[in-house]
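Structure first, then comments.
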Amino acid sequence: MTFMTFLLDVMIVFVFIMWFWLLITVMGDLFRRDDVGGFGKVLWVIFLVMLPYLGVFAYLLTQGGSMAQRNIAQADKARDQLRSIVGFSAADEIEKLDRLKAAGNITADEYTRLRARALG
């Protein structure tokens with residue numbers, strides 16, 4: 001085995017992994033979509049299975065722009081859900097500190113130190 005053969009094998013494995021990653025990304029996006037019905041999803045899956053390279057590239061060309069928008073929307077939804085579960089932010093912490101200071105439960109020094117910690 002020569003060094004060039006080794007490099008060619010590494011390149012082939014890399015390209016195969018990249019293509020497989022693209023296929024999984026496309027399938028994941030396809031099955032998360034709400035705007036495509038069951039029949040449309042079946043047609044895309046058949047296209048992706050029968051002509052995988054052409055199917056992946058066709059999906060990316062026709063649906064690629066909206067894939068990014070759907071990923072951003074999903075990340076925003078997950079972030080909002082996490083915030084609703086955790087239930088606080090820096091602004092909430094400062095508001096609580098203001099109430100504690102107004103009630104006299106903490107001193108001005110404690111308020112300043114805790115406010116600095118809440119702001120990061």
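Observations on the model:
- Sequence-ordered 3J(HN,Hα) estimates for the stretch 26-42 from the Karplus curve with 6.51, -1.76 and 1.60 and θ = phi - 60° stand at 5, 4, x, 5, 4, 7, 8, 6, 9, 7, 10, x, x, 5, x, 5, 4 Hz, glycine and proline given as x.
- Debye, to nearest 20: dipole size of the chain, +1 on Lys, Arg Cβ, -1 on Asp, Glu Cβ: 180
- Note, ³J(HN,Hα) from phi for the stretch 105-120, Karplus 6.51, -1.76, 1.60, rounded to Hz, x at Gly and Pro: 7, 10, 7, 5, 5, 4, 4, 5, 5, 5, 5, 5, 5, 5, 7, x
- Relative contact order [Cα under 8 Å, 6+ residues apart], the chain, whole percent: 16
- Per-residue Karplus couplings for the stretch 16-22, computed as 6.51 cos²θ - 1.76 cosθ + 1.60 with θ equal to phi - 60°, are listed in order as 5, 5, 4, 5, 5, 4, 4 Hz, Gly and Pro entered as x.
- Coarse-grained scattering of the chain at q = 0.10, 0.11, 0.17, 0.18 Å⁻¹, given as base-10 log I(q)/I(0) from a Debye sum over alpha-carbon atoms: -0.60, -0.64, -0.91, -0.97
- Residue with peak Gaussian network fluctuation, the chain [Cα springs, cutoff 10 Å], from 41, 96, 77: 96
- Residues 59, 111 arranged by fewest to most Cβ contacts within 10 Å: 111, 59
- Global geometry of the stretch 26-76, whether rounded, prolate or oblate, following the gyration tensor of its Cα atoms and the 1.5 cut on a/c: oblate
Laboratory data are not the source of any read-out in this text; all were calculated from the coordinates shown. Keep in mind it's a predicted model, so treat the numbers as computed, not measured. Using ideal geometry, Cβ is built from the backbone for each residue, glycine included, and neighbour counts are taken over all protein chains shown.
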